[in-house]
């Protein structure tokens, strides 16, 4: 099942995995490639070492903060629209642009030492409107204002109360839990997952609903296999792929 789980690791050790413009640009390219790989059913996003991502590399922002913000939004939108389940694995700091990426994932599993923050208020930068809307949908207006207005870091427990984190685990068990859960996701119906992602994210216009109704009708064997597996008390073997 390992081949069904793709992994992207943010790696910039000298800057606590801060994102450079080149790294931001690479994100949509990687995601486009993985989205068309039928072997891939789940995407895991993590940071190298003991930090998820410290945000944008501040040294690259002088004279170009607006351009850098455009790159980060493009990466965030590409991640949010990725058609397969996405899971962020957060250790240490998840700050600024790092929190932007984590919030764009479907789920977030964190180590107990994880800290979350959105820090444009420390830099005099206007946080993107699209990123703000996504944050509000995820954690609500009051919690979003707390993070955006204060630029304070919150621990994993508080982040979980806000809805920014789905599960918290000790650092030495986090990777195994992520591996187990990613493998579980990879066994589920990709048809169900892809439709659910769109509907949860608000894409319920007539055209998209009709699209998934047609997909379900033409993939009747998916439901047949699910029912058969349930009655035979065995794991289903779903065949529909994006």
Test: residue in segment 44-51 that is buried (at least 22 other Cβ atoms within 10 Å of the Cβ), touching a strand residue (DSSP E or B) at 6+ places or on another chain (Cβ under 8 Å) and in a loop (DSSP other than H, G, I, E, B): yes
Failed condition for residue 165, given (1) crowded, with 18+ Cβ neighbours inside 10 Å; (2) within 30 Å of residue 145 (Cα to Cα); (3) not assigned by TED's automatic domain parsing to the domain that holds residue 90: (3)
Test result for residue 242, touching a residue at least 60 places away in the same chain (Cβ under 8 Å) and in the same structural domain as residue 87 (by TED's automatic domain parsing): no
Any hit, segment 64-87, residues being under 24 Å from residue 191 (Cα atoms), touching a strand residue (DSSP E or B) at 6+ places or on another chain (Cβ under 8 Å) and in a strand (DSSP E or B): yes
Test: residue 209 is more than 17 Å from residue 88 (Cβ to Cβ), free of Cβ contacts under 8 Å to residues at least 12 places away in the same chain, touching a helix residue (DSSP H, G or I) at 6+ places or on another chain (Cβ under 9 Å) and in a helix (DSSP H, G or I): yes
Which numbered condition residue 144 misses (of (1) without any contact (Cβ under 8 Å) to a residue 24 or more places away in the chain; (2) in contact with a helix residue (DSSP H, G or I) (Cβ under 6 Å, 6 or more places away or on another chain); (3) surrounded by fewer than 20 Cβ atoms within 10 Å (Cβ to Cβ)): (3)
Residue match in segment 19-31 (condition: in the same structural domain as residue 179 (by TED's automatic domain parsing), in a loop (DSSP other than H, G, I, E, B) and closer than 25 Å to residue 162 by Cβ): no
Output for segment 179-205, where each listed residue is outside any helix (DSSP H, G or I) and closer than 19 Å to residue 79 by Cα: 201, 202, 203
Every residue from segment 204-222 that is surrounded by 14 or more Cβ atoms within 10 Å (Cβ to Cβ) and within 20 Å of residue 186 (Cβ to Cβ): 215, 219, 222
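The values are calculated or read from the model by the stated rules, or taken from the named source; none is laboratory data. Predicted model, so just to flag it, every value in this text is computed and none were measured. Here Cβ is always computed from backbone atoms with ideal geometry, including for glycine, and neighbour counts include all displayed protein chains.
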